[in-house]
Structure formats: structure tokens, C-alpha cells
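Q: Okay, here's the structure, questions in a sec.
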Amino acid sequence: MKATKTVKIAKLDIGISDKDRAAIAQGLSGLLADSYTLYLMTHNFHWNVTGPQFNSLHLMFMGQYTEQWNALDLIAERIRALGHPAPGTYKEFVKLASIREVEGQPKAMDMVRHLVAAQEATARTARKLFPLIEKANDQPTADLLTQRIEVHEKTAWMLRSLLEE
């Protein structure tokens, strides 16, 4: 039997220190947890919304959770590119998230209120990382965060508009 040759993988060196990569990955893990919690909340509300605005909210929530689902992969892959494991369990997400689950089935406009708060919380979580990523000169993470903040702020505005009389 032929012996297999062991290939030594070089240490990750992308121009960001190990310490900064770890801190950025930790911050992104919080963003991933908030994003997953927001995704789950939005999908739950999509399934369970009732009332006179059922059709419009059902469709709106579907568009939102679909966008959020796609963003989860981008955030997790950035954590991996920084050389760290991405959290991927409910237990980890509950521990890391700033957003708390909504109990029961709220009325339609209460769902909207919960989603406004969760969208804004997710934007705040992303925004908190900017001082660290600017110090580390981490443009890919800055780009990702800018895109996520834009989506969350715009979505919060659109949802908030439904609450105006």
C-alpha cells in the first residue's frame, strides 16, 4: 500500500491579524444570529398572519424572508473566510442574538411592529462592527455590512409605513 503524502496548509494570512479576525468573526456571529432570528420570525408571521391585510402582508413577508434567507449564507461564508466556524444551531443563535423570539401569534399589525423592531436591531448589530472593521482594514466585511444595513433600514421604513394612520 502506498503511503499518502501529508500536505501542510499554510497559516491564514489575508492581511488582517488573528486577533482582529477573531473579533470580526465574533461580531459577524452576532449578526448571523440576529439575521437568523429575524428570518425565522418573518417566516413564522408569513405562515400565520390573518386579517384584512392577509394577502399583502403574506406576500410582503415572503419577499422579506426570502431575502433574509439568502443573506444568511453571505454572512456565514464571510465568517468562514476569516478562518472561524460559523454558528449554526438554535442554541448558539439564542445565546448570540439581540432579538428575542415572539411568543404566540400576534395580530397582524403587532407582527409588523415586531418586525420593525427586529429589522432595526439587526441594523444596529451590523453597524456596531464598523469601528473594528475600519481599524482592521477589512473592506469585504465593510461591504457586506453596508449592504445588510441598507436592506434592514429600508425594510424597517416600509414596515413602519404600514403603521402610520
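Q: Within the stretch 65-104, whose backbone N sits under 14 Å from a point 7 Å along Cα→Cβ of Ala22?
A: 83-85
Q: Next question. Step through the table entries Lys8/Lys91; Lys19/Lys95; Lys107/Lys154; Lys11/Lys135; Lys91/Lys135, compare each Cα-Cα distance with 27 Å, and write down the pairs that go over it. Display every interim value, and only then the final one.
A: Working: Lys8/Lys91 34 Å; Lys19/Lys95 22 Å; Lys107/Lys154 23 Å; Lys11/Lys135 22 Å; Lys91/Lys135 31 Å.
Distance filter (> 27 Å) returns Lys8/Lys91; Lys91/Lys135.
Q: Would you mind checking the tilt of helix 139-163 against the longest principal axis of the Cα atoms of the chain, expressed as 0 to 90 degrees and rounded to 10?
A: Its long axis makes an angle of about 10 degrees.
Q: Starting from the Cα-Cα distance between Asn48 and Asn137, subtract it from 0.36 nm times their residue separation and give me the gain in nm to one decimal.
A: Values: separation 89, 0.36 × 89 = 32.04 nm, distance 4.34 nm.
Extra length from Asn48 to Asn137 when fully extended: 27.7 nm.
Q: Note down the nm distance, to one decimal, between modelled labels 7 Å out along Cα→Cβ at Lys91 and at Thr146.
A: Those two pseudo-labels are separated by 3.9 nm.
Q: Cβ neighbours within 10 Å, averaged per peptide: list 110-116, 121-127 in order, most packed at the top.
A: Values: 110-116: 20.1, 121-127: 21.7.
By packing density, highest mean first, the sequence is 121-127, 110-116.
Q: Assuming 0.36 nm per residue, please report the length gained on full extension of the stretch Glu153 to Phe130 beyond their Cα-Cα distance.
A: Going from the current span to full extension adds 6.7 nm.
Q: Give me the angle, in degrees from 0 to 90, between the Cα long axis of helix 108-127 and the longest principal axis of the Cα atoms of the chain, rounded to the nearest 10.
A: Taking Cα atoms only, the helix is inclined about 30 degrees.
Q: Now, a different point. Go ahead and collect, in residue order, the members of the stretch 134-159 whose backbone nitrogen is under 20 Å from a label point 7 Å along the Cα-Cβ direction of Ala81.
A: 134-152
None of the figures in this text is laboratory data; all of them are computed from the coordinates on show. As the structure is a computational prediction, the values presented were derived from the model and not from experiment. Cβ: placed from backbone, ideal geometry, glycine included. Neighbour counts: every protein chain shown.
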